[in-house]
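Please read the structure below before turning to the comments.
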Amino acid sequence: MASDPKVHTFEEVAQHNKTKDCWLIISGKVYDVTPFMDDHPGGDEVLLSATGKDATNDFEDVGHSDSAREMMEKYYIGEIDMATVPLKRAYVPPQQAHYNPDKTPEFVIKILQFLVPILILGLAFAVRHYTKEKEK
């Protein structure tokens, strides 16, 4: 590791969130994992999903081996300025259209389950009535 590590801001690290340019924050340290993207056992999607946030919990929850932790040293590029890391991102739910139970596919199916047997019964009576009149 470098003797005088560079201190990065959260905003700076968060910009590196692509397959060809990927930085992660783990335990207060910044890692440029771009060269490791193709080799990561979980795939590059796992690493990309950990960008733009403190990925310490993501990293620890997986239970990485000692050799994986040693491997991280070659990707170390500096420290994170913890004052710039947001404590928690506010969750903003996606906008959804107002729910109308009368327009759901289940509602259509229920209507059809009621109407189809009645139509079949009506058709059967009509055929029976028509064939009886022809016999007379």
(request) Using a 1.4 Å probe and ignoring any ligands, DNA or RNA, find the accessible area of Lys74 and quote it in Å² to the nearest 10. (result) 150
(request) Report, for the stretch 1-92, the % of DSSP beta bridges that are antiparallel, rounded to 5. (result) 75
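Could you tell me what a quarter of the Cα convex hull surface of the stretch 49-91 works out to, in nm² with one decimal place? Before the final figure, lay out each step's value.
Values: hull surface 16.0 nm².
With every direction weighted equally, the projected area is 4.0 nm².
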(request) Please report, to one decimal in angstroms, the Kirkwood hydrodynamic radius of the stretch 1-85 built from all distinct Cα-Cα pairs. (result) 12.8
(request) Using a 10 Å cut-off on Cβ atoms, rank the peptides 111-121, 43-53 from the highest mean neighbour count down. (result) 43-53, 111-121
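The values are calculated or read from the model by the stated rules, or taken from the named source; none is laboratory data. Nothing here was measured: the structure is a model prediction, and the numbers come from that model. Cβ sites come from the backbone with ideal geometry, for glycine too, and all protein chains shown count toward neighbours. Note: accessible area is taken over every heavy atom of the protein model, side chains too, but ligands, DNA and RNA are not part of it. Shrake-Rupley method; radii C 1.70, N 1.55, O 1.52, S 1.80 Å.
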